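Here the structure comes first, spelled out in structure tokens, and everything after it is commentary.
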Amino acid sequence: MYGILLTDDEQIMLDSLKFIIEKNFPSETRLYSALSGPAALEIAAREQVDIIFMDINMPGLNGLDTVRFILQSRPDTVIVILSAFDRFQYAQEAVNLGVYRYLTKPVNRNTVVETLRNAMTIVDQRRGQRNSEEELHKKLDIVSPMVESDFIYSAALCGSKDVSEYFSYFGISGSAWCFCCLEFPGMDEKKQSESYDRIRSLLKSRAKCITGSFMANRLAVFFYFPDGGSAEELPARARETVSSVYKLLCLDISSGIRAGVSSFLTDLGMTGSAYNEALESLGSTPPGGGIIFAEKKGARKRETDPGAIAESIFGRIRAGDGASVRHLLASYGAALDGSYGGDMGKVKNAIFELLVNVRNITTEIDCNYQNDEFSSAFSFLSAAGSLGAVLDFAAKRCEECATDVMQFTQSKENPIIKKAEDYIMRNLAGSLSLEELAEAINVSPSYLSRMFKEVRGENYINYLTGMRLARARELLRNPRTPIKEISAAAGFNDQNYFSRIFKNKFGITPTEFRNVAK
């Protein structure tokens, strides 16, 4: 079936063409007709049109200008020009536009039939080419993530494995590069599956990179910079690129993303150590989100104070961050081994003491937490023959505790705060003072203020502003809604103030966000 648009300012010409086409191509066409250029534009925008017969000399918008507009959005359309003027200028302009045929009126029936049959052949060829390209893209969409994930696994987690074939495949030999570990707190497997394609698309829209698959709630990304500039310019440019990608992810996916970035290197034999360096940087990132870059030269300075590392582990447990614990424990074990001169007895005692504290932290948060593995911790550690076995046992217990803390925290919902948040969502465009909200849910303002600080970790004004900015961010995805209306709908009476705090929060203006979020 072919969609055919007939455009002429004379109805008798439209009727003649329609008669010829319906008689010679029964059941093969969908015919549309227009008496003017604007009417033709409207039909071409609304319907699937493959072939257009277009008169040149029409009042208002002439045929050639109409064709020019249509081809901007539908370049595959086959155009046949009809004109009572056999002028070289018109013919030349039509050729420049890429039209298929230029026919002078009156046009006989055989010429119309032959021209249309040939035009249909061109449409069939273009459809076949388009289908082949779409099929190729579909195959690449399936294969590329698999190849990229395999590269990430081999380069990051199997650092000794030869991955030179991947470098040739992706064309990254000689490029400067870095590893980045992205963490998406609270993102479950279903959300990861739903968001993965979007995350991957956003990453590739701003940088040359290879993206792994989710491991727990983390993604490893290999950024490379084949045209990064001089050795002096590269680090700053690369940091800017990675930072812009991170900011875009925070805007579009989640504001609480954590990111750790390795040094910028050129030696492709250091992928394993660079990945570990990115993990170290991630471990230093605050729970609320942020990005940390490693030092410019070599790895970040490794923390050697066991006490400081233990505090970091406790902080990760309280935050429900089990993904960072194993790496921190490796550092903790190395620091203990150095401090005690390899005395395994003292190292085991310190690990046991750490596990006792981890269990106590967990039971303080979830008083019903139980884990029988802790009961046999002392006997297991005493019998363990290697530091690796000790650290693996400790890491599993810490990860279990962190997981429990995360699940307990997510399931725990303060009814006062829940009631307040429901009221806020229903009345976000209003004034919503603390006093008004407290009266609406029947509590005192001072009590409500304290509850927000304790449960949400921020004061009421900051929380409300964050909710309003989140609403504005959703509304900005509709390109037709004026920013002034979005500002008011999100509860900001002053558009200039809205733009200023939006930029302070996200680093770009509402208009810039709308452009990158398309």
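With the requirement that a residue be without any contact (Cβ under 8 Å) to a residue 12 or more places away in the chain and open to solvent by 70 Å² or more (accessible area, probe 1.4 Å), what does the stretch 352-369 give you?
Glu353, Glu364, Cys367, Asn368 - these are the residues of the stretch 352-369 that are without any contact (Cβ under 8 Å) to a residue 12 or more places away in the chain and open to solvent by 70 Å² or more (accessible area, probe 1.4 Å).
For the stretch 376-405: of the residues being assigned to a helix (DSSP H, G or I) and polar (S, T, N, Q), which is modelled with the lowest pLDDT? So that I can check it myself, show each step before the final result.
Initially, the stretch 376-405 is screened for residues assigned to a helix (DSSP H, G or I), giving 376-383, 387-405.
Cutting the leftovers down to polar (S, T, N, Q) gives us 376, 379, 382, 403.
On the way: Ser376: 90, Ser379: 91, Ser382: 92, Thr403: 86.
Checked the stretch 376-405; the qualifying residue modelled with the lowest pLDDT is Thr403.
Could you please find all residues in the stretch 460-518 being assigned to a loop (DSSP other than H, G, I, E, B), buried (at least 17 other Cβ atoms within 10 Å of the Cβ) and among the small types (Gly, Ala, Ser)? Full working, then the answer.
Initially, the stretch 460-518 is screened for residues assigned to a loop (DSSP other than H, G, I, E, B), giving 476-482, 490-494, 507-509, 517-518.
Okay, now just the ones that are also buried (at least 17 other Cβ atoms within 10 Å of the Cβ), so 476, 490-492, 508.
Residues satisfying the conditions are Ala490, Gly491.
Restricting to the stretch 249-262, count the residues that are open to solvent by less than 10 Å² (accessible area, probe 1.4 Å) and assigned to a helix (DSSP H, G or I). Full working, then the answer.
The first filter runs over the stretch 249-262 and keeps only residues open to solvent by less than 10 Å² (accessible area, probe 1.4 Å), leaving 249, 251, 257-262.
Then drop every residue that is not assigned to a helix (DSSP H, G or I), which leaves 249, 251.
Within the stretch 249-262, residues that are open to solvent by less than 10 Å² (accessible area, probe 1.4 Å) and assigned to a helix (DSSP H, G or I) number 2.
If a residue must be out of contact with any helix residue (DSSP H, G or I) (no Cβ under 8 Å at 6 or more places or on another chain) and either in a helix (DSSP H, G or I) or within 25 Å of Tyr166 (Cβ to Cβ) (or both), how many such residues does the stretch 232-248 contain? Step through it out loud before you land on a result.
So in the stretch 232-248, the residues out of contact with any helix residue (DSSP H, G or I) (no Cβ under 8 Å at 6 or more places or on another chain) come out as 232-240, 242-243, 246.
Now narrow it down to the ones that are either in a helix (DSSP H, G or I) or within 25 Å of Tyr166 (Cβ to Cβ) (or both): 234-240, 242-243, 246.
Looking only at that region, the number is 10.
In the stretch 41-81, what count of residues is obtained for those that are among the β-branched types (Val, Ile, Thr) and in contact (Cβ under 8 Å) with a residue 40 or more places away in the chain?
If we filter the stretch 41-81 for residues that are among the β-branched types (Val, Ile, Thr), which is where we start, we get 43, 49, 51-52, 56, 66-67, 70, 77-81.
Now restrict to residues that are in contact (Cβ under 8 Å) with a residue 40 or more places away in the chain: 49, 51-52, 66, 78.
Residues meeting the conditions: 5.
Tell me, yes or no, whether the stretch 11-23 has at least one residue that is farther than 16 Å from Val113 by Cβ, loosely packed, with under 14 Cβ neighbours inside 10 Å and in contact (Cβ under 8 Å) with a residue 24 or more places away in the chain.
Looking for residues that are farther than 16 Å from Val113 by Cβ, loosely packed, with under 14 Cβ neighbours inside 10 Å and in contact (Cβ under 8 Å) with a residue 24 or more places away in the chain, one finds at least one in the stretch 11-23, hence yes.
Tell me the residue from Asp392, Asp372 that is free of Cβ contacts under 8 Å to residues at least 24 places away in the same chain, farther than 20 Å from Ala334 by Cα and either open to solvent by 50 Å² or more (accessible area, probe 1.4 Å) or not basic (Lys, Arg) (or both), please. Before the answer, list the steps.
Values: Asp392 fails: farther than 20 Å from Ala334 by Cα.
Residue meeting the stated conditions: Asp372.
Can you tell me which residues in the stretch 430-459 are open to solvent by less than 30 Å² (accessible area, probe 1.4 Å) and in contact (Cβ under 8 Å) with a residue 12 or more places away in the chain? Talk me through it step by step, then tell me what you get.
Initially, the stretch 430-459 is screened for residues open to solvent by less than 30 Å² (accessible area, probe 1.4 Å), giving 432, 437-438, 441, 448, 451-452.
Leu432, Leu437, Ile441, Leu448, Met451, Phe452, listed by residue number.
Six or more apart or on different chains, Cβ atoms under 9 Å: show the pairs whose first residue is in the stretch 237-249 and more than 17 Å from Phe179 (Cβ to Cβ) and whose second is small (Gly, Ala, Ser) and modelled with pLDDT of 85 or more.
Ser244/Ala207; Leu248/Ser205
Determine whether Asp321 is acidic (Asp, Glu) and modelled with pLDDT of 80 or more.
Numbers: acidic (Asp, Glu): yes; modelled with pLDDT of 80 or more: no.
No, not satisfied.
Listed here are the residues, each with its yes/no results for (1) of a type in the set (Ser, Thr, Tyr); (2) within 31 Å of the chain's Cα centre (by Cα).
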| residue | (1), (2) |
| --- | --- |
| Ser433 | yes, no |
| Phe452 | no, yes |
| Glu458 | no, yes |
| Arg468 | no, yes |
| Gly491 | no, yes |
| Tyr497 | yes, yes |
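Select, from Leu35, Leu5, the only residue that is over 16 Å from Val123 (Cβ atoms) and at pLDDT 90 or above. Outline the logic, then answer.
On the way: Leu5 fails: over 16 Å from Val123 (Cβ atoms).
Leu35 is the lone residue from the list that is over 16 Å from Val123 (Cβ atoms) and at pLDDT 90 or above.
Could you check how many residues of the stretch 31-71 are part of a helix (DSSP H, G or I), more than 38 Å from the chain's Cα centre (by Cα) and surrounded by fewer than 23 Cβ atoms within 10 Å (Cβ to Cβ)?
Counting residues in the stretch 31-71 that are part of a helix (DSSP H, G or I), more than 38 Å from the chain's Cα centre (by Cα) and surrounded by fewer than 23 Cβ atoms within 10 Å (Cβ to Cβ) gives 4.
In the list Ile79, Ile122, Ile142, which residue meets the criterion of being within 40 Å of the chain's Cα centre (by Cα), surrounded by fewer than 16 Cβ atoms within 10 Å (Cβ to Cβ) and modelled with pLDDT of 85 or more? Before the answer, list the steps.
Working: Ile79 fails: surrounded by fewer than 16 Cβ atoms within 10 Å (Cβ to Cβ); Ile142 fails: modelled with pLDDT of 85 or more.
Checking each option against the conditions leaves just Ile122.
Go through (1) of a type outside the set (A, V, I, L, M); (2) loosely packed, with under 12 Cβ neighbours inside 10 Å; (3) more than 30 Å from Lys346 (Cα to Cα); (4) at pLDDT 85 or above for Asn427 and report which single condition fails.
(2)
Looking at the stretch 26-49, which of its residues are out of contact with any strand residue (DSSP E or B) (no Cβ under 7 Å at 6 or more places or on another chain) and within 21 Å of Pro106 (Cα to Cα)? Step through it out loud before you land on a result.
We begin by selecting, within the stretch 26-49, every residue out of contact with any strand residue (DSSP E or B) (no Cβ under 7 Å at 6 or more places or on another chain); these are 26-27, 35-39, 41-42, 45-46.
Selection gives Leu35, Ser36, Gly37.
Out of the residues in the stretch 177-220 that are assigned to a loop (DSSP other than H, G, I, E, B) and under 15 Å from Gly256 (Cα atoms), which is most open to solvent (accessible area, probe 1.4 Å)?
Initial filter on the stretch 177-220 (assigned to a loop (DSSP other than H, G, I, E, B)): 184-188, 207-208, 212-214, 216-217.
With the extra rule that they be under 15 Å from Gly256 (Cα atoms), the set shrinks to 184-188, 217.
Working: Phe184: 3, Pro185: 60, Gly186: 51, Met187: 25, Asp188: 90, Asn217: 29 Å².
Of everything passing the filter in the stretch 177-220, Asp188 is most open to solvent (accessible area, probe 1.4 Å).
Conditions (1) within 24 Å of His327 (Cα to Cα); (2) assigned to a helix (DSSP H, G or I); (3) aliphatic (A, V, I, L, M); (4) in contact with a helix residue (DSSP H, G or I) (Cβ under 9 Å, 6 or more places away or on another chain), marked per residue:
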{"residue": "Ile351", "(1), (2), (3), (4)": "yes, yes, yes, yes"}
{"residue": "Val356", "(1), (2), (3), (4)": "yes, yes, yes, yes"}
{"residue": "Phe374", "(1), (2), (3), (4)": "yes, yes, no, yes"}
{"residue": "Gln407", "(1), (2), (3), (4)": "yes, yes, no, no"}
{"residue": "Glu421", "(1), (2), (3), (4)": "no, yes, no, yes"}
{"residue": "Leu437", "(1), (2), (3), (4)": "no, yes, yes, yes"}
{"residue": "Ser446", "(1), (2), (3), (4)": "no, yes, no, yes"}
{"residue": "Phe452", "(1), (2), (3), (4)": "no, yes, no, yes"}
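The values are calculated or read from the model by the stated rules, or taken from the named source; none is laboratory data. Quantities reported herein were computed from a predicted structural model and do not represent experimental measurements. Note that we place each Cβ from the backbone using ideal geometry, even for glycine, and neighbour counts take in every protein chain shown. Keep in mind that these areas ignore ligands, DNA and RNA; they rest on the heavy atoms of the full protein, side chains included. Shrake-Rupley method; radii C 1.70, N 1.55, O 1.52, S 1.80 Å.
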